[in-house]
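Data block below; observations after.
Computed from the coordinates by the stated procedures, all read-outs in this text should not be read as laboratory data. No experiment lies behind these values; they were computed from the predicted model shown. Don't worry about glycine lacking a Cβ; one is built from the backbone with ideal geometry, like all the others, and counts go over all protein chains shown.
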Amino acid sequence: MSSADPLPMPEVVTEAIAVIDLVESTLTANLFGWYAVGRQSLRDLRRLISEVGDGRGLRCLKSTGDGYLLAFHDPKSAEMSAVRAIEAMFELLYHVSRRNNELPEERALNLRCAVHLGEVDVVANDREGPHVSLAFRLQDISRASLPNALNPIAPEQFPLRDYVLCSEEVAGILTRRDKRWKTLSIGLLKLKGFPGWREIFQVVPRPDAAKGEAPQAA
Amino acid sequence: MTVRQPEATESAGLRRRLALFFCDLAGTWRLLAEDGDLATASVLRAFFEHAERLGKAHHCEVIKFSGDGFLAALEEITEALPLARAIQALLTEVPALAGRSLGFRFSLHSADVLCLDTTYGKDVFGDDVAVVAYLNDLARRGQIVITQAAFERLPVDQQVLATRHEIVQVKGEDVPIHRLRLVPPQESEA
């Protein structure tokens, strides 16, 4: 096929998009070496993501340089893909925490996770579309974003690492379908390239939630 | 939406009835695409400098910039309309803003909000802050969307300028609003 030939239209599906960023990965690689530390950390992260995504509908795992873009799919319920993505994020944070306790601190993994749900174009081991961009905007949010937000939490209350943020869409799904987590508003923000205000949430486990409580599938 | 402010429940004394005024600079995405980020940054810098100056001149208690707009909280709601007119005039008075197909959209609400000194400055909190921000999306260029609560507190000579009354939905709730034009329709649609 020549470059002038039109590409076939990609499949459009509703999936949960997760963006995982490795905190200070460039700094760590520069300090301790890419081959000595950085490369192994990223590979460990890929392996852990594959493990937690297995059986949860993980269909795409793409490197973003210092993290990964993930897509979760549920053929029976698009909303459940968001629940599965959140499950995977918290299991990943749990495994990362255990790993960090067993390794020298320069090899520690610290993550920032963001989850959104929306229609995306499926291309080979990748996803395209504005909902993918929105997931990246969520992942970009930091303490420095909060003074510009409306109704923000105090910047010092915002965690520096190992947290999960989600969009209004995902927060609504979690509220309806799963009692294992609660969603806390961190404020209303304008996200670059997107019109209007977006309320952003931090997802935290409910301390009183029964372990393994099954989410409502419908 | 429930605002997550742990201090809020213990701060009844910091609750105040204020006019919440939101102003958004429309046309910045097109400016960014056509003229680039440097030009956009200089436009926003000029806008923020003048908005801050005008906010002080109109006795704003709080002025907070966010994206390409700002939220102001005023003790005296009668200052809101003159403030909007002064901001609107920047489009012709300030060279950095003139001739760039920009416009201003305004919204005005009146509510009890929590006023706090935070680590980044004075700020206001409450679900009504979100209401005035969401309502701003409904305003056309050169227009103010005014909630019924704010409308009732405006002096009669300002009330009579409002031309329309309607009910809109904000986050699934009915909100009665009025609309008030600061510029003729043909200019606001430009």
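Think of each Lys and Arg Cβ as +1 and each Asp and Glu Cβ as -1; about the Cα centre, that makes the dipole of chain B roughly 280 debye.
3J(HN,Hα) along segment B:59-67: 6, 5, 6, 9, 9, 9, 8, 8, x Hz, from the Karplus curve 6.51 cos²θ - 1.76 cosθ + 1.60 with θ = phi - 60°, whole Hz, x for Gly and Pro. Compared with the alpha-carbon gap, the fully stretched path from B:D37 to B:S101 is longer by 21.4 nm at 0.36 nm per residue. Against chain B, whose longest principal axis is taken from its Cα atoms, helix B:80-93 shows a tilt of about 20°. Only lysines eight or more places from A:K179 in sequence, or on another chain, were considered; those with a Cα closer than 17 Å are A:K211. Paramagnetic label reach from B:E52 (point 7 Å along Cα→Cβ; backbone nitrogen cut-off under 15 Å): within segment B:114-145, residues B:120-122.
Could you tell me which of rounded, prolate or oblate describes segment B:11-115, using a ≥ b ≥ c as the square roots of the eigenvalues of the alpha-carbon gyration tensor, with rounded for a/c under 1.5 and, failing that, prolate when a/b is larger than b/c and oblate otherwise?
Since a/c reaches 1.5 and a/b is larger than b/c, the shape of segment B:11-115 is classed as prolate.
Running a GNM on chain B with Cα contacts under 10 Å, which residue among B:T119, B:T163, B:T78 ends up with the highest mean-square fluctuation? The residue that fluctuates most here is B:T119. Where the convex hull is taken over the Cα atoms of segment A:1-52, what is its projected area averaged over directions, in nm²? Mean projected area for segment A:1-52: 6.8 nm², to one decimal.
Under 18 Å from the Cα of B:K122, which lysines turn up, not counting those fewer than eight places away in the same chain? Here the lysines satisfying the reach criterion relative to B:K122 are B:K56, B:K64.
Under 18 Å of direct C-alpha separation, and excluding same-chain neighbours fewer than eight residues apart, A:K182 reaches these aspartates and glutamates: A:E79, A:E87, A:E91, A:D162, A:E168, A:E169, A:E199, A:D208, A:E213.
As a length-normalised measure over Cα pairs under 8 Å and 6 or more apart, the relative contact order of segment A:11-205 settles at 23 percent. Restriction of the chymotrypsin sites (Phe, Trp or Tyr not before Pro) in segment A:111-217 to DSSP coil positions whose beta-carbon has at most 13 other beta-carbons within 10 angstrom yields no sites.
Can you give the FRET efficiency for A:R176 and A:E102, using 1/(1 + (r/R0)^6), R0 = 45 Å, r = Cβ-Cβ distance, to the nearest 0.05? Rounded to the nearest 0.05, the efficiency is 0.75. Annotation: the residues B:C23, B:C115, sorted from fewest to most other C-beta atoms within 10 Å of their own C-beta, follow the order B:C115, B:C23. Applying the Karplus relation 6.51 cos²θ - 1.76 cosθ + 1.60 with θ = phi - 60° to segment B:156-171 yields 3J(HN,Hα) values of 4, 5, 8, 4, 5, 7, 6, 10, 9, 10, 8, 10, 10, 9, 10, 6 Hz, where x marks Gly and Pro.
Quote the FRET efficiency, to the nearest 0.05, computed for A:R43 versus A:T14 with a Förster distance R0 of 22 Å and r equal to the Cβ-Cβ distance. Working shown, then result.
Working: r = 31 Å, r/R0 = 1.39.
The formula returns an efficiency of 0.10 here.
Taking the Cα centre of the protein assembly as shown as the origin, how large is its charge dipole in debye, to the nearest 20, when only Lys and Arg (+1) and Asp and Glu (-1) carry charge on their Cβ atoms? Intermediate results must be reported in sequence, preceding the final value.
Working: 47 positive and 56 negative charges, 66 e Å.
My answer is approximately 320 debye.
The relative contact order of segment B:14-188 comes to 25 percent, based on Cα pairs under 8 Å that sit 6 or more residues apart. Taking amide H positions as modeled 1.01 Å from N, with prolines and chain starts lacking one, the residues under 5 Å from B:L182 and 5 or more places away or on another chain are B:Q143, B:I144.
How high is the FRET efficiency from A:K62 to B:V160, r the C-beta distance, R0 41 Å, rounded to 0.05?
Values: r = 59 Å, r/R0 = 1.45.
Computed FRET efficiency for A:K62 and B:V160 comes out at 0.10.
Residues whose amide H lies under 5 Å from that of A:T64, counting only those 5 or more places away or on a different chain, are A:L69; hydrogens are built 1.01 Å from N in the peptide plane.
Under 5 Å from the amide H of A:N110 lie the amide H atoms of A:V23, each residue being 5 or more positions distant or on a separate chain, with H modelled from the backbone and absent for Pro and chain starts. What residues of segment B:148-172 lie in the reach of a label at B:H59, counting those whose backbone N is under 20 Å from a point 7 Å from the Cα along Cα→Cβ? Residues B:150-159 qualify, since their backbone N sits under 20 Å from the label point. Partner shielding of A:151-160 amounts to 5, given as the average count of beta-carbon atoms from other chains within 10 Å of each residue beta-carbon.
Shape index of chain B: Rg/Rh, with Rg the Cα radius of gyration and Rh the Kirkwood radius from the inverse mean 1/r over Cα pairs, equals 0.96. When the Cα positions of A:A171, A:G53, A:G196 are compared along the charge dipole of segment A:11-205, A:A171 comes out farthest toward the positive end, with charges on each C-beta of Lys, Arg, Asp and Glu. Each residue of segment A:123-136 was assigned a 3J(HN,Hα) from its phi angle through the Karplus expression (A = 6.51, B = -1.76, C = 1.60, θ = phi - 60°), giving 10, 3, 6, 7, 9, 10, x, x, 5, 5, 4, 5, 4, 5 Hz with x at Gly and Pro.
In percent, rounded to a whole number, the relative contact order of segment B:82-160 is 31, using alpha-carbon pairs under 8 Å and six or more apart.
Remark: B:S66, A:S50 ranked as A:S50, B:S66, counting other beta-carbon atoms within 10 Å and listing the fewest first.
Among A:S142, A:S41, A:S133, B:S110, rank each residue by its count of other Cβ atoms within 10 Å, from fewest to most, as a rough exposure measure.
Lowest to highest Cβ neighbour count: A:S142, A:S133, A:S41, B:S110.
How much of the calculated P(r) for chain A lies past 30 Å, in percent of all Cα pairs? Above the 30 Å cut-off, chain A has 24 percent of its Cα pairs. When chain B is treated as a Gaussian network with alpha carbon springs shorter than 10 Å, the biggest mean-square fluctuation among B:Q148, B:Q158, B:Q88 belongs to B:Q158. Note on chain B: GNM, Cα springs under 10 Å; of B:D68, B:D123, B:D35, the largest mean-square fluctuation is that of B:D35.
For segment B:86-188, applying the loop criterion from DSSP together with a ceiling of 16 other beta carbons within 10 Å to the chymotrypsin sites (Phe, Trp or Tyr not before Pro) yields B:Y120.
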